[in-house]
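Structure, as structure tokens:
The values are calculated or read from the model by the stated rules, or taken from the named source; none is laboratory data. Computed from a predicted structure; not experimentally measured. Glycine also receives a Cβ, built like all others from the backbone with ideal geometry; neighbour counts cover every protein chain displayed. Remember, those area values only see protein heavy atoms, side chains included, never the ligands or the DNA or RNA. Shrake-Rupley method; radii C 1.70, N 1.55, O 1.52, S 1.80 Å.
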Amino acid sequence: LECLAWKPQNLSRATAVLARLARIEINDNWANKPISSLGAIYRSWMPQTAASLEERCKALELLTKRYPDIGWEICIEQFSLGPQMGNYSYRPHWRSDASGAGQPVKTRKEIKGFVRKALDLTLCWKKHDERTLGDLAERLQGMPEEDRATVWDLIDIWLQKPETTDRAKATLRERIRLFALTRLARRRGLEEGTR
């Protein structure tokens, strides 16, 4: 499937199969899992596909519509803070599908374009809950200022919904507390305004 994903016309189909496989959680220490393959294909700074930025954005949008749980993981990883490591995927040996592709992206514009698409997809998510809002709150440092305000607006809207339980509110409150109001947050260099 990694080999098939190099060809732009196969990207959506290979993504769909990998997403279905990724729904089955594998609890072992192997790195070669379907979710890891998807992460490599859609890595903003070193995509393991020959698809253009527009093709990857369309395929990512399709992934979030058809497999929202997997799509969320892929999108949220694009603007996660901390060290990131990338591995090369399997490349075709006898075809030229991957020639010249799969290396670290040279222009910041392409990286920012893909990260922006992933961020837009997460902010316009169909149904937010304490897990998705907690993921966004933990990644505020990796977002532009106007998007941080959007996250807080989304949290306020979610808090006002009648179906939001006290347990869900407490879960989100605890995630925000652990992210922003601990010694680790100070060491992480969290900005005072965000705190």
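Just to confirm a number: summing +1 for Lys and Arg and -1 for Asp and Glu over residues other than Trp158 whose beta-carbon lies under 11 angstrom from that of Trp158, what do you get?
Numbers: positive: Lys127, Lys161, Lys169; negative: Asp129, Glu130, Asp153, Asp156, Glu163.
Spelling it out: positives minus negatives among the neighbours equals -2.
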Treating only Lys and Arg (+1) and Asp and Glu (-1) as charged, each at its beta carbon, one finds that the chain has a dipole about its Cα centre, in Debye to the nearest 20, of 340 debye
Per its Cα gyration tensor (rounded if a/c is under 1.5, else prolate when a/b beats b/c, else oblate), the range 74-136 is best filed as prolate
In the structure shown, of Lys7/Lys126; Lys65/Lys109; Lys65/Lys126; Lys7/Lys112, the pairs separated by more than 19 angstrom at the C-alpha atoms are Lys7/Lys126; Lys65/Lys109; Lys7/Lys112
Relative contact order of the chain (C-alpha contacts under 8 Å, at least 6 apart) in percent is 20 percent
With the dipole of the chain defined by +1 on each Lys or Arg Cβ and -1 on each Asp or Glu Cβ, the option from Tyr67, Leu136, Asn29 whose Cα lies farthest towards the positive pole is Asn29
Within the under-14-Å Cβ sphere about Ser12, not counting Ser12, Lys/Arg +1 and Asp/Glu -1 give a net charge of +4
For 101-107, 152-158, ranked highest to lowest by mean beta-carbon neighbours within 10 Å, the order is 152-158, 101-107
Between the alpha carbon centres of the range 167-183 and the range 40-75 the gap in Å comes to 29 Å
Mean 1/r over distinct Cα pairs of the range 54-195, inverted to a Kirkwood Rh in Å, yields 17.1 Å
Mean accessible area per residue over the chain (1.4 angstrom probe, all protein chains present, square angstrom) is 60 Å²
Any GluC sites (Glu not before Pro) in the range 10-90 that lie in a DSSP loop and have at most 10 other Cβ atoms within 10 Å would be Glu25
Simple SL model, points at 7 angstrom along Cα→Cβ for Lys33 and Arg187; separation in nm is 2.6 nm
